[in-house]
1. Could you give me the ³J(HN,Hα) list for segment 12-24, computed from phi with Karplus coefficients 6.51, -1.76, 1.60 and θ = phi - 60°, whole Hz, x at Gly and Pro?
2. Taking the mean number of other Cβ atoms within 10 Å as a proxy for protection, how do you rank 8-14, 51-57 from highest to lowest?
3. Label points 7 Å out from Cα along the Cβ direction at Glu83 and Glu112: separation in nm?
4. Provide the gained length on full extension for the span Phe101 to Gln67, in nm with one decimal, where the gain is 0.36 nm per separating residue minus the Cα-Cα distance.
5. Provide the packing ranking of 37-47, 95-105, i.e. peptides ordered by the mean count of other C-beta atoms within 10 Å per residue, highest first.
6. Kirkwood Rh, the chain, all Cα pairs: how many Å?
7. Which angle from 0 to 90°, rounded to the nearest 10, does the C-alpha axis of helix 73-85 make with the longest principal axis of the chain?
Amino acid sequence: MTGIIRELRKDEFYLAEKLWREYRGQKADIKKERIFGAFIEGELAATARCTRHPEGLEMDCVFTPEQYRGRGFARIVVQALLEACGGEAIYIHSTLPLITFYTSLGFERIEERAMPETIRERFIFCFGEMEGCNAIPMVRKGR
């Protein structure tokens, strides 16, 4: 694989937002987020976002557009995020099909109630049944 893997500068967050139009229209917050990306020939090809919540860190927006899938970019940007932010626990809401992927990166399933409230509340619409919403709480403990 050729390309550049790095943290986006705050003035580049618009690149992630442009990419995320394909991924639930997510928006970036320069005050509490760090975004890591894979750049292939100058184009953003994959992202992973780390958000600081009052009670801990959350990783989400692990996304690779269709034309770049299957080349390991998601794994590489997540690894870059974990290197930079992994000094403390990082929580995620994994989809059911991605549990094996995240487990291979050191995440483990946890009970919903074990997730910090400010992170868990983002999935309040699941009414305490995250798995029914295709969201599995996981954590990767800090170094």
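Computed from the coordinates by the stated procedures, all read-outs in this text should not be read as laboratory data. All of these numbers come straight from a predicted model, not from anything done at the bench. Cβ placement follows ideal geometry from the backbone for every residue including glycine, while neighbour counts extend to all protein chains displayed.
1. Using θ = phi - 60°, the values come out as 9, 4, 4, 5, 5, 4, 4, 5, 6, 4, 7, 10, 6 Hz.
2. Details: 8-14: 13.3, 51-57: 16.4.
Output ranking for 8-14, 51-57: 51-57, 8-14.
3. A separation of 3.6 nm, rounded to one decimal place.
4. Details: separation 34, 0.36 × 34 = 12.24 nm, distance 1.96 nm.
So the chain would gain 10.3 nm between Phe101 and Gln67.
5. Working: 37-47: 19.7, 95-105: 13.5.
By packing density, highest mean first, the sequence is 37-47, 95-105.
6. Numbers: mean 1/r = 0.0650 Å⁻¹.
After inverting the pairwise mean of 1/r, the radius is 15.4 Å.
7. 70
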